[in-house]
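**Student:** Below is the structure I would like to discuss, written out as structure tokens.
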Amino acid sequence: MRRRHHPLPTPVCIENTQTTVDPATCWARVYAHDLDHGSRDNCCNVLHFAVAPWTALLIHQLWTDYWDANCKADYWKYKTNWDRYLAVWLNVFVFKDYIDLTECGTNQVVLRVYEACGVPRYDPHIFPCSEHDWFIYNTYSLGRWWHNYQFFDKKALRAVLLLLDQFVTQGDISHTQILVRILTQNILELP
């Protein structure tokens, strides 16, 4: 399901919050939706929330710097594609429904708000993963592929994902697009 919606939802979050931690382990779990303080979208009244450690933004910067240093002209030629790939990767692998805080003191987190109109209602009895995994599964091809890799034919999909990663790493956009098209056509045929 691909949506091109502009502008994106307007996040309104609680900037400073306190949570009670387990005194023995200095551990607490904070859910993304608990950080919401009235986020909204002009076109969709169904929103999805995800949270990640502040270091997620540092990961984005590290990859951008790496691609700029090593890919030079190709990075700038395909910058929009690289940025989109990195944003999807962060959404699929870094952002989650909740964050476990494992240090006492101040922790910084990043809240993302997504438009979720058109995403089927989550039912944990049918889909044995988290709400964010369900959202990602229904929103990003990479999320579907990763879920299928984890739950179905691991060897075949792993090989395809490694090949896709190789094409993306090399900046081979044409082969990446071909592989994505083949995967999209055949993903439902996996056992």
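**Student:** Given the criteria at pLDDT 85 or above and in a loop (DSSP other than H, G, I, E, B), does Tyr122 qualify? Give the steps one after another, and end with the answer.
**Tutor:** Working: at pLDDT 85 or above: yes; in a loop (DSSP other than H, G, I, E, B): yes.
Yes, satisfied.
**Student:** Could you tell me which numbered condition Lys96 fails, if it satisfies all but one of (1) on the phi > 0 side of the Ramachandran plot; (2) touching an Asp or Glu at 6+ places or on another chain (Cβ under 9 Å)?
**Tutor:** Result: Lys96 passes all but (1).
**Student:** Sort out which residues of the range 62-100 are among the hydrophobic types (A, V, I, L, M, F, W, C), modelled with pLDDT under 85 and surrounded by 13 or more Cβ atoms within 10 Å (Cβ to Cβ), and write them in order of number. Please lay out each step first, then the result.
**Tutor:** Here is the first cut: in the range 62-100, the residues among the hydrophobic types (A, V, I, L, M, F, W, C) are 62-63, 67, 69, 71, 73, 76, 82, 86-90, 92-95, 99.
From what is left, the residues that are modelled with pLDDT under 85 are 62-63, 67, 69, 71, 73, 76, 82.
Trp63, Trp67, Cys71, Trp82, listed by residue number.
**Student:** Only one of (1) touching a strand residue (DSSP E or B) at 6+ places or on another chain (Cβ under 9 Å); (2) not in a strand (DSSP E or B) fails for Asp100. Which number is that?
**Tutor:** The one condition Asp100 does not meet is (2).
**Student:** Moving on to the next point. Are any of the residues in the range 50-57 assigned to a helix (DSSP H, G or I), in contact with a Gly (Cβ under 9 Å, 6 or more places away or on another chain) and not small (Gly, Ala, Ser)?
**Tutor:** Initially, the range 50-57 is screened for residues assigned to a helix (DSSP H, G or I), giving 55-57.
Next cut, in contact with a Gly (Cβ under 9 Å, 6 or more places away or on another chain) only: none.
Within the range 50-57 (the criterion being assigned to a helix (DSSP H, G or I), in contact with a Gly (Cβ under 9 Å, 6 or more places away or on another chain) and not small (Gly, Ala, Ser)), the answer is no, since none of the residues qualifies.
**Student:** Does Cys44 meet the test of being in contact (Cβ under 8 Å) with a residue 40 or more places away in the chain and more than 20 Å from Thr10 (Cα to Cα)? Steps first, please.
**Tutor:** Values: in contact (Cβ under 8 Å) with a residue 40 or more places away in the chain: yes; more than 20 Å from Thr10 (Cα to Cα): no.
No.
**Student:** Looking at the range 125-134, which of the residues that are in contact with an Asp or Glu (Cβ under 9 Å, 6 or more places away or on another chain) and either in a helix (DSSP H, G or I) or without any contact (Cβ under 8 Å) to a residue 24 or more places away in the chain (or both) is surrounded by the fewest Cβ atoms within 10 Å (Cβ to Cβ)? Give the derivation first.
**Tutor:** To start, the set of residues in the range 125-134 that are in contact with an Asp or Glu (Cβ under 9 Å, 6 or more places away or on another chain) comprises 127, 130-134.
From what's left, either in a helix (DSSP H, G or I) or without any contact (Cβ under 8 Å) to a residue 24 or more places away in the chain (or both): 127, 131-134.
Numbers: Phe127: 15, Glu131: 21, His132: 23, Asp133: 19, Trp134: 23.
Taking the candidates together, the pick is Phe127.
**Student:** Does the range 30-43 include one or more residues that are among the small types (Gly, Ala, Ser), surrounded by 12 or more Cβ atoms within 10 Å (Cβ to Cβ) and touching a Cys at 6+ places or on another chain (Cβ under 8 Å)? Explain how you work it out, then say what you get.
**Tutor:** Residues of the range 30-43 among the small types (Gly, Ala, Ser): 32, 38-39.
Retained after the next criterion (residues that are surrounded by 12 or more Cβ atoms within 10 Å (Cβ to Cβ)): 32, 39.
If we keep only those that are touching a Cys at 6+ places or on another chain (Cβ under 8 Å) too, we end up with 39.
Yes, some residue in the range 30-43 is among the small types (Gly, Ala, Ser), surrounded by 12 or more Cβ atoms within 10 Å (Cβ to Cβ) and touching a Cys at 6+ places or on another chain (Cβ under 8 Å).
**Student:** Of everything in the range 103-118 that's assigned to a loop (DSSP other than H, G, I, E, B) and within 15 Å of Ala50 (Cα to Cα), which residue is nearest to the chain's Cα centre (by Cα)? It would help to see each step written out before you state the result.
**Tutor:** So the first thing to find is which residues in the range 103-118 are assigned to a loop (DSSP other than H, G, I, E, B), and the list is 103-108, 116-118.
With the extra rule that they be within 15 Å of Ala50 (Cα to Cα), the set shrinks to 108, 116.
Working: Gln108: 18, Ala116: 14 Å.
Filtering first and then ranking leaves Ala116.
**Student:** Quick one: what pairs do we get from the range 80-97, first residue closer than 18 Å to Gln108 by Cα and among the basic types (Lys, Arg), second at pLDDT 90 or above and assigned to a helix (DSSP H, G or I), C-beta under 7 Å, 6+ apart or different chains?
**Tutor:** Close Cβ pairs (under 7 Å, with a partner that is at pLDDT 90 or above and assigned to a helix (DSSP H, G or I)) amount to Lys96/His132.
**Student:** To continue, here is another question. Could you count how many residues in the range 16-29 are surrounded by 10 or more Cβ atoms within 10 Å (Cβ to Cβ), in a loop (DSSP other than H, G, I, E, B) and of a type in the set (A, V, I, L, M, F, W, C)?
**Tutor:** 2
The values are calculated or read from the model by the stated rules, or taken from the named source; none is laboratory data. Just so you know, these numbers come straight off a predicted model, no measurement behind them. Positions of Cβ are backbone-derived with ideal geometry, glycine not excepted, and every protein chain shown enters the neighbour counts.
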